[in-house]
Amino acid sequence: MLKLTYRQSFQKAAGCYRSKGFTLAELLIALSILGVIATFTIPKVLVAQRDFTYKANAKDVAAMLAGAYTQLKLNGDLSSSTTIGDLTPFMNYVRVYTGSIDDTYTDTIFNCGTTYHCLQLHNGGVIAYRSAAAFGGTATTNGLPFCFDPDGKVTDGITNGPGKSLCLFLYYNGRIVDRANIPAGTSNTVGTYGAMPNKTPPWFSWD
């Protein structure tokens, strides 16, 4: 058996190493493919993450309103004349907001001011409610609407853009539902409301 010289051994090893590597062209092709995949995948991941945050914050808002309702009831102050404003002393918010936010789907801009009061929350969202609306009764269909804009601003001002507000109803019995699932005959001192599934943004669900 012939022994390989040092140079022959080195060349053989180098040849084996080269056979297992990638050429520059192959690396560029692989990076191009990864770039195409990322172009389609990353936006979807970001939207999914945003929607998850919106939904979690909306559930926190519902829980906060439910807690404020419970405290008001324990204090013996719950009545047919109760408004969302009566719950605000038991709510955790940053400040009264007087700007504009996105309205619900099929609507554009919601202006905060005298008719509608708005509260900016620690999560960046804004709650809007009609200050003059009271339960108007003690039935299970007497409910007060309040809207939650998850990003607390006008995203694009169109009827079906991102960041649209979610409208929820708080009923005299403490139940909270979204606008798509309110019972027939829902009313308060301002008006009567019907279920409107198209008002609930696709990022929200109770599950």
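Would you mind estimating how fast the range 21-74 diffuses translationally, via Stokes-Einstein at 37 °C and 0.692 mPa s with the Kirkwood radius over Cα pairs, in µm²/s?
Numbers: Rh = 15.0 Å.
The Stokes-Einstein estimate is 219 µm²/s.
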By how many degrees, between 0 and 90 and to the nearest 10, does the Cα long axis of helix 6-19 differ from the longest principal axis of the chain?
30
Taking only the C-alpha atoms, wrap a convex hull around the chain and report its volume per residue in Å³ as a whole number.
213
Cβ-placed point charges (K, R +1; D, E -1), dipole of the chain about Cα centre in debye, nearest 20
1340
In the Gaussian network model of the chain, springs joining C-alpha atoms below 10 Å, which of Gly191, Gly35, Gly136 carries the largest mean-square fluctuation?
Gly35
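Over the range 98-170, average the accessible area per residue using a 1.4 Å probe and give it in Å², no decimals. Don't skip to the answer; put the middle values down first.
Numbers: 2640 Å² over 73 residues.
That works out to 36 Å² for each residue.
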So how compact is the range 92-162: Cα radius of gyration and Dmax in angstrom?
13.0, 39
Using a cut-off of 13 Å between alpha-carbon atoms, which aspartates and glutamates can reach Lys199, once sequence neighbours fewer than 8 places away in the same chain are excluded?
Asp102, Asp103, Asp107, Asp149, Asp178
In whole percent, how big is the carbon plus sulfur part of the accessible area of the chain, probe 1.4 Å, protein atoms only?
60
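With +1 on each Lys and Arg Cβ and -1 on each Asp and Glu Cβ, how big is the dipole of the range 17-87 about its Cα centre, in debye rounded to the nearest 20? Don't jump to the answer; show the numbers that get you there.
On the way: 7 positive and 5 negative charges, 96 e Å.
For this selection, approximately 460 debye.
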Helical contribution to [θ] at 222 nm, DSSP H n ≥ 4, -39,500 (n - 2.57), averaged over the chain, rounded to 500
-11500 deg cm²/dmol
What's the angle, to the nearest 10 degrees (0 to 90), between helix 24-74's Cα axis and the longest principal axis of the chain?
20
Projected onto the charge dipole of the chain (unit charges on the beta-carbon of Lys, Arg, Asp and Glu, signs +1, +1, -1, -1), the Cα from Ala25, Leu87, Val177 with the largest positive-side position is that of Ala25
Does the range 85-207 classify as rounded, prolate or oblate by the C-alpha gyration tensor (a ≥ b ≥ c root eigenvalues; a/c under 1.5 gives rounded; else a/b over b/c gives prolate, otherwise oblate)?
oblate
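The values are calculated or read from the model by the stated rules, or taken from the named source; none is laboratory data. Please read all numbers here as calculations on a predicted model, not as lab measurements. Glycine gets a Cβ as well: all are built from the backbone with ideal geometry, and neighbour counts include every protein chain shown. Areas reflect the complete protein model, heavy atoms only, side chains present, ligands, DNA and RNA absent. Shrake-Rupley method; radii C 1.70, N 1.55, O 1.52, S 1.80 Å.
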